[in-house]
Each structure stands twice: as C-alpha cells, then as structure tokens.
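The values are calculated or read from the model by the stated rules, or taken from the named source; none is laboratory data. On a predicted model such as this, the values are computed, not experimentally measured, just so you know. Glycine gets a Cβ as well: all are built from the backbone with ideal geometry, and neighbour counts include every protein chain shown.
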Amino acid sequence: MVSSQSNTSPVITVSNLVKQFGRFAALRGVSAEFAGGKLYAILGDNGAGKTTLLRTLAGLNHPTRGEISILGKSDFRDICDQVGYMAHPSLLYDEMSGMENLTYFGRLYGINEQARCREVISSVGLDPDLSRPVGQYSQGMRQRMSLARALLHDPKILLLDEPFSNVDVHSAADMVQLLAKIRDLGKTIFVVTHQAALLEGVADEFVWMETGKIVDRATEFHPPTRSATEARA
Amino acid sequence: MKWTFRIFGIITLCLLIYGTSIASSPVIHVVGFTLNGAPTEQTMGDVQRIFYYHVPSAWTAFILFFINFVASIVYLIRRNPAADIIALTTAEVGVVFCTVVLVTGPIWARPVWGIWWTWDIRLTSTLVLWLIYVAYLMLRRFSSSGQTPVLAAALAVFGALDVPLVYFSIWFFRTQHPQPVMGGGGSIDPRMLHVLLINWLAFSCFAFLVCWSRYRLEKIRREVEELQALEALADSPPAQRAGSGAIGSSSPGRPR
Amino acid sequence: MSAPSGITRATLFKDLRLEWRSKDAINSMLFFSLLVVVVFSFSFDPTAEESRQIAGGLIWVAFLFAAVVALNQTWARELRNQVLDAYRVSPAPANSLFLAKAFGNFIFVMVLEAVMTPLFIAFYKLRSLGPPWQLAVVAALGTWALVVNGTFFAAMSLRTRSREIMLPLLLFPISSPAIIGMVQATTRILNGEGARSWIMLLVTYDLVFTTSCLLLFETVLNAE
C-alpha cells in the first residue's frame, strides 16, 4: 500500500454533533477526528445514524447542535467544490445518457470539457459513448455512473452512502479497487456500507456506529462471532 | 407577570364594554349619569353602527400583519425563535380579526345597498389579506420540514410586499368601476371618530391580550417539545454494547 | 466554477432538451389546455359584443389553470432521484437553478397560451379593438408574474405534505394584484381603451417579486 502524503491536521473534525428530527435523535453527540488520505468504512445497523452523519457532513442536513469542520472550514459552501457526494438514489437524470448527465453536472463545477467526463466514466469501467439513458442501466452500472458523478471534479473528500448496495459482485469489487486507487492518490474517502467484507484489507479504518454514536474504531474488521449469530436467531 | 396580565385583562374588558355601549346608542343612561354615544347616521340609520366593529377590526388586523412582517424579517436575519412565535401568534389573531371584517362587511352591505358584497377597497383588500394569511397558516400546518419557520417567514415577506400592490390594484379597479363606498368616505363627525378610536383602542388591547396568551402557550409548548427531545437524546438505547473494547474481542452480537 | 449565467443556460437547455425528448408534460398540457377552452365555451356562450367584456377574465382563468398544472411538475424530474441533493452539494448558485426553472416554465406556459389563444378567438368570435402587440406584452408580463412566484412556491411546497394543493393555495392569494392587472389590462385593450396604468402595475409586480424570489430562493432550497 503506497502511503499517501500524510496530513498531520485532521481533514474532518466533528464535535458533539447532534441531529434530531422532532423527537427522533439520529445523531446523539458524535465527536471524532478523521485524518486525510484514508478510506474509512462506516458500519452499523439500520437506524444507527450513518446516513444522517454523511448527509450532515455533506451540508444537506443542518445539525441541531454541534460543530463540523471540513478542511478547516465550518461552512460547507466554502469547500463544496472539494467534496464529492454519492447516495443510494442515483442523483442522476434517468432520461439522459451517462455522458449527458456528467456534462451537465460538470458545468455546475466549472468543468466545461468533455474529455474529463469521458475520462471519469472510463475510470469507473463504463463506456462513455453509451447512449442509453441512465434509467435503463442495471443497478451496478447506475451506481458506477453515480460514483463517476461524484468523482468528476476531483474532490479531496468523497462521501459515499451505500455505493455497493444491490450491485453485483464483480462491479462491487471493481469499485473497491477504484476507491483504493483514489485513496492512494491522497484523497479521503468515507464509505457507509452494510457490506463490510468488501472493504476488508482495503479500508484503513472501520468505524462502528450504534444508535447515533460512534462506538468503535478499529483497523480490522471482525464479523460477529458465531455465538452472537446464534443468539440473534 | 400573572397580575399584570389580569389587570390588563380587566382594563381591556372595561374598554370593550365601554366601546360597545357608546357604539350602540346615542345616549346611554348608566346608574344615574349619561354617556354620550355615537350619533345615529343620517342616511343609513342604526345599521351603520356595525362600522364601529368593522373598521377597528380592520385596523387591528393590519397592525398585526405588520408586526408579523417585521417579526418574519427579524427571524430571517437572526433566526431568533421568539420572533418566529410572534409571527405565528400575530398571524393567527390577525386572521381572526380579518374574519370579523369580512363577516361584518356583508352584514352591513346587505340592508344598506341590497348586495352582499362590494368591491370596496377596504373589504376587498382585507379579503386578499385574509387569503394570504390563511395560506400562511396552512403552510405552517402542512410543512413537514424542520425549517418550517424559515419557509413561513419567507412567505410572510412575500405577503407583506404584496399588500401595497393589492391595495393599489383594487383602488385603481374601483376608479374604473365605481362601487359603493363603505365606511363613509370624506369627513367624519368628531363624535363618531371618538367612538371609533375608543373601539380601536379596546380591540387593540384585546388583540394584545390574546397574542400574549398565545405567545406564552406556544413558548411553553416548544419548551416541552425541546425537553422531550432532549430526553430522547439522553435515553440509553436498548441493549447498548458495554465499554469500548476493540471490535476484535469476542463480544455479544450487535443488537438488532 | 462556470459563470452563473452559464449554469442557468445549461440548466435551461437541459430541461428543454429533456422535455423535447419525452414530450410527456407538453403533450398532456396541450390537451389539457384544449379541454379547458372547450369546457369554458360550454359554460359561457356570449355574443361577440359581450365576449369582449368577459374574454379577458375567461382567458386568464384558463391560463391560470394551465400554468398551475405546468408549475406542479417543475421539480418532478429533480425529485425522482434526489437530484436536488446533487445541486445543493455543488458550488452552483441556487439562483441559477431558480432562473433556469422559471424561464423554462415561462416558455412552457407561453407555448400553451399561444395554443389556447386562437381557440378562444374562434370560440368567442373575438376581435380586438386595441393593438394585438399590447396584448402580447400583457401576456408576457402576466405570465412571468405567475411563473416566477409559481416556481418559487413549487420549491416551497416540496417540503410540505399535499404538495400539489399547496402550490395553488400559496400562489393564488399572492398573485391577486397581478391577476386583477392582467384581466383588466386585457379587457381594456380588447375594448380599445388604454391600459398603461395596468401595465405599469404588472411591471412593478414583476420587479418586486422577481427580486424577492432571487433573494429568498437559496434559503428555501436549503430548508430541510
């Protein structure tokens, strides 16, 4: 594993982050520091607050309390061109082809050349000349195109929410390899996923969330022991 | 605070009774002495007395909506929760007073002109105002966002900017399509003016009282909600995993 | 970052292209407009002389219905795959998106009006005593008044339950002065009278509310 140019100051700092939707507390005081150049796998059961955390980092949710600092700035608008976001919905227009989608979203980031779009689409393993509208893609293709959209502006930080869900094994493995490559270039990646096994050996840190808090951070992932599985059954 | 409220309430009640009595009759005999009330109007007769409810309600509603506008702007700039509560209460009470105007208007118009409605400028602009602020209240009711106050404040600003345009458009409409004028255009008898102003004072005090109660009620409701939310936050989640040992150690399975 | 006007243009062209490709909304809207005109002509059957007096009102009510149906689908494509999130996360200014959507709606509704007008003229045997170019000016100003607020309120109603009913509920009261203006101006021009004051009212309305929308749209877009 090539070591990236290590940043000594954390790339993302979260202190006492609380997010409540009415009476439901999705985040109950999350405090953490994340160093740059690493791939973080964020794991946890449904309802643990993983998606809420990612969305709050991406500036899509306003925290009820607490502070976030990304690349030293507390206002998301200041660094929005350095963050890429991907969610479970594709965030793409179903009626346009992949190239058309990326050309449009590229404009939002000031990317006016098609070459960059073609390059990114190729890097996720798709054909830039495919004229089929995205709505007709398979799930694997759609997730990859969605990832391409997030990568388009070469962001320093990637926030990916369940990029591998419903994706076939080969596509998922390809995406993981791509993410590892991007991480090796010095980018910081956060992946929320239920499929932790995919990231074994690739992720630098596994962050476990439970009911709105980070309960554990480790460099290795161990699936629950057999006794635990039996106890649940 | 409680005593201030009660004393103010009593004063308001007295003003309301006084205002209504002097509006209802030219001369009132009360316990030995005589009150001089509003004289009977020449052309319309006693029906005109509804004017003393109709006009002060309108003025009170306009003032309340103006306060709503200011509170909304303050909220948009400062995100001050008290401003939001003031905006909510003034809108609610304002709509009530608007309703009074819209109900007393036709009641007045029917016996006098034989019609239920007229494009009188005050009546029509009150109707549009009523519609705008009912829409405002509906937005507050139907909004599923956590940022309802922001949306509502934006709508209130739109509504307030609309008011002069509404007024002007109806005024201009009337000059092209002359209509009966309610409220007696032109000069007004000073005794009538006196009764009008007393009633306006009474209504304003009453509006203030209701807004104050509503404000307190809403403030308490929000405090309760916040406490409940904080409680939910502090609740230890069921079967929380003990300690912060390494994931690698054999530990009970993740709770479902 | 691209210039904001570039983003507005790109968004507008993307919307027009998508609409041209699927022609979903425009076809159903055109047919809806035709139906509205026909239903109106069943309900009101005036002589040529009378029709000049009421046509202004009738036409604008019909346009209003068509506009509301068009406005309700302003953000439909963006909602489908949460595309709005992609926009919010990007450095693109919210106002570029707003203007692109408003212009798109404006073009859309003007097309509908262009289709409905000849039908009205035919069904109501309308003949304008005033210059038709003035009617076009009133149509443009009035349509912009409806569309600019409509696009804004459509975005507001994204955050509410009963989305489709919230839009007209918010739009109609606020548009009252503009509606009075459009109808009066149209009626007067049809009858050969001057409508300058009404046109000034429409211009003022358009300026005031375009400014308000531009100032507050970003707040509304990010209200989650």
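Considering only segment B:219-236, I want to know if a residue exists there that is surrounded by 12 or more Cβ atoms within 10 Å (Cβ to Cβ), in contact with a Phe, Trp or Tyr (Cβ under 9 Å, 6 or more places away or on another chain) and at pLDDT below 90.
Checked against the condition, which is being surrounded by 12 or more Cβ atoms within 10 Å (Cβ to Cβ), in contact with a Phe, Trp or Tyr (Cβ under 9 Å, 6 or more places away or on another chain) and at pLDDT below 90, segment B:219-236 yields at least one hit.
I want to confirm something. Restricting to segment A:80-92 and keeping residues that are more than 8 Å from every other protein chain (Cβ to nearest Cβ) and surrounded by fewer than 19 Cβ atoms within 10 Å (Cβ to Cβ), which single residue is farthest from A:Arg28 (Cα to Cα)?
The residue in question is A:Gln82.
Only one of these is over 19 Å from the mean Cα position of the chain (by Cα), on the phi < 0 side of the Ramachandran plot and buried (at least 20 other Cβ atoms within 10 Å of the Cβ): C:Ala67, C:Ala62, C:Ala100, C:Ala92. Name it.
C:Ala92
If you go through segment C:71-101, how many residues are more than 13 Å from C:Thr11 (Cα to Cα), in contact with a helix residue (DSSP H, G or I) (Cβ under 7 Å, 6 or more places away or on another chain) and modelled with pLDDT of 90 or more?
Narrowing segment C:71-101 to residues more than 13 Å from C:Thr11 (Cα to Cα): C:71-73, C:76, C:79-82, C:85-86, C:88-91.
Imposing the further condition that a residue be in contact with a helix residue (DSSP H, G or I) (Cβ under 7 Å, 6 or more places away or on another chain) reduces the set to C:71-73, C:86, C:88-91.
Add one more test, that the residue is modelled with pLDDT of 90 or more, and what stays is C:71-72, C:86, C:88-91.
Of the residues in segment C:71-101, 7 are more than 13 Å from C:Thr11 (Cα to Cα), in contact with a helix residue (DSSP H, G or I) (Cβ under 7 Å, 6 or more places away or on another chain) and modelled with pLDDT of 90 or more.
Which of (1) surrounded by 24 or more Cβ atoms within 10 Å (Cβ to Cβ); (2) under 21 Å from B:Ser125 (Cβ atoms) is the odd one out, the single condition C:Ala154 does not satisfy?
The single condition C:Ala154 does not satisfy is (2).
Checking the structure you have, find out if any residue of segment A:65-72 is among the basic types (Lys, Arg) and farther than 22 Å from A:Ala196 by Cβ.
Taking every residue of segment A:65-72 in turn, at least one turns out to be among the basic types (Lys, Arg) and farther than 22 Å from A:Ala196 by Cβ.
What number of residues within segment C:131-159 are among the polar types (S, T, N, Q) and over 17 Å from C:Phe209 (Cα atoms)?
Pass one, segment C:131-159, residues among the polar types (S, T, N, Q): C:134, C:143, C:149, C:151, C:157.
With the extra rule that they be over 17 Å from C:Phe209 (Cα atoms), the set shrinks to C:134, C:157.
So the answer is 2.
Would you check if C:Phe108 is more than 14 Å from chain A (Cβ to nearest Cβ) and without any contact (Cβ under 8 Å) to a residue 40 or more places away in the chain?
Against the criterion (more than 14 Å from chain A (Cβ to nearest Cβ) and without any contact (Cβ under 8 Å) to a residue 40 or more places away in the chain), C:Phe108 does not qualify.
Which one is farthest from the chain's Cα centre (by Cα), of the residues in segment A:7-29 that are assigned to a strand (DSSP E or B) and free of Cβ contacts under 8 Å to residues at least 24 places away in the same chain? Step through it out loud before you land on a result.
Our first condition is that a residue be assigned to a strand (DSSP E or B); within segment A:7-29, this holds for A:12-21, A:24-29.
Right, trim to free of Cβ contacts under 8 Å to residues at least 24 places away in the same chain and you get A:21, A:24.
Working: A:Phe21: 22, A:Phe24: 24 Å.
Applying the filter and picking the extreme gives A:Phe24.
Take segment A:155-198 and flag every residue that is more than 14 Å from the chain's Cα centre (by Cα) and assigned to a loop (DSSP other than H, G, I, E, B).
Scanning segment A:155-198 gives A:Asn166, A:Val167, A:Asp168, A:Leu185, A:Gly186.
In segment B:113-136, which residues are part of a helix (DSSP H, G or I), buried (at least 17 other Cβ atoms within 10 Å of the Cβ) and more than 8 Å from chain C (Cβ to nearest Cβ)? Spell out the reasoning first.
Filtering segment B:113-136 down to residues part of a helix (DSSP H, G or I) leaves B:113, B:121-136.
Narrowing further to those that are buried (at least 17 other Cβ atoms within 10 Å of the Cβ): B:121-133, B:135-136.
B:Ile121, B:Arg122, B:Leu123, B:Thr124, B:Ser125, B:Thr126, B:Leu127, B:Leu129, B:Trp130, B:Tyr133, B:Tyr136, listed by residue number.
Which residues, counting only those in segment A:124-154, are surrounded by fewer than 19 Cβ atoms within 10 Å (Cβ to Cβ), away from chain C (no Cβ under 12 Å) and either under 19 Å from the mean Cα position of the chain (by Cα) or in a helix (DSSP H, G or I) (or both)?
Residues satisfying the conditions are A:Gly125, A:Gln136, A:Gln139, A:Asp154.
Looking at B:Leu193, B:Leu165, B:Leu197, which one is touching a Phe, Trp or Tyr at 6+ places or on another chain (Cβ under 6 Å) and free of Cβ contacts under 8 Å to residues at least 60 places away in the same chain?
B:Leu165
Give me a count of the residues in segment A:62-75 that are at pLDDT 90 or above and polar (S, T, N, Q).
So the count comes out to 1.
Output the qualifying pairs, or none if there are none: Cβ atoms under 7 angstrom, residues six or more apart or on different chains, first residue in segment C:59-82 and away from chain A (no Cβ under 14 Å), second residue surrounded by 24 or more Cβ atoms within 10 Å (Cβ to Cβ) and in a loop (DSSP other than H, G, I, E, B).
Close Cβ pairs (under 7 Å, with a partner that is surrounded by 24 or more Cβ atoms within 10 Å (Cβ to Cβ) and in a loop (DSSP other than H, G, I, E, B)) do not exist here.
For C:Arg127, state whether it is closer than 20 Å to C:Ala154 by Cα and either among the basic types (Lys, Arg) or touching a Gly at 6+ places or on another chain (Cβ under 8 Å) (or both).
Spelling it out, it is not the case that C:Arg127 is closer than 20 Å to C:Ala154 by Cα and either among the basic types (Lys, Arg) or touching a Gly at 6+ places or on another chain (Cβ under 8 Å) (or both).
Go through C:Ala185, C:Ala155 for me and flag whichever is of a type in the set (A, V, I, L, M) and farther than 13 Å from C:Leu71 by Cα.
Details: C:Ala155 fails: farther than 13 Å from C:Leu71 by Cα.
The match here is C:Ala185.
Of everything in segment C:89-98 that's in contact with a Cys (Cβ under 9 Å, 6 or more places away or on another chain) and assigned to a helix (DSSP H, G or I), which residue is nearest to the other protein chains (Cβ to nearest Cβ)?
Among those residues, the one meeting the criterion is C:Val89.
Filter segment C:1-54 down to the residues that are crowded, with 17+ Cβ neighbours inside 10 Å, of a type in the set (Val, Ile, Thr) and away from chain A (no Cβ under 14 Å) and list them by number.
Listed by number, the residues that qualify are C:Val36, C:Val37.
When only residues in segment A:93-123 that are of a type in the set (S, T, N, Q) and surrounded by fewer than 16 Cβ atoms within 10 Å (Cβ to Cβ) count, which is nearest to the other protein chains (Cβ to nearest Cβ)?
Out of the qualifying residues, it is A:Asn112.
Run A:Lys73 past the list (1) basic (Lys, Arg); (2) more than 10 Å from every other protein chain (Cβ to nearest Cβ); (3) within 23 Å of A:Phe206 (Cβ to Cβ) and report the number of the one that doesn't hold.
Among (1) basic (Lys, Arg); (2) more than 10 Å from every other protein chain (Cβ to nearest Cβ); (3) within 23 Å of A:Phe206 (Cβ to Cβ), the lone unmet condition for A:Lys73 is (3).
Between B:Gly159, B:Gly146, which is within 9 Å of chain C (Cβ to nearest Cβ), in contact with a Phe, Trp or Tyr (Cβ under 7 Å, 6 or more places away or on another chain) and either buried (at least 21 other Cβ atoms within 10 Å of the Cβ) or in a helix (DSSP H, G or I) (or both)?
Selected residue: B:Gly159, the only one of B:Gly159, B:Gly146 that is within 9 Å of chain C (Cβ to nearest Cβ), in contact with a Phe, Trp or Tyr (Cβ under 7 Å, 6 or more places away or on another chain) and either buried (at least 21 other Cβ atoms within 10 Å of the Cβ) or in a helix (DSSP H, G or I) (or both).
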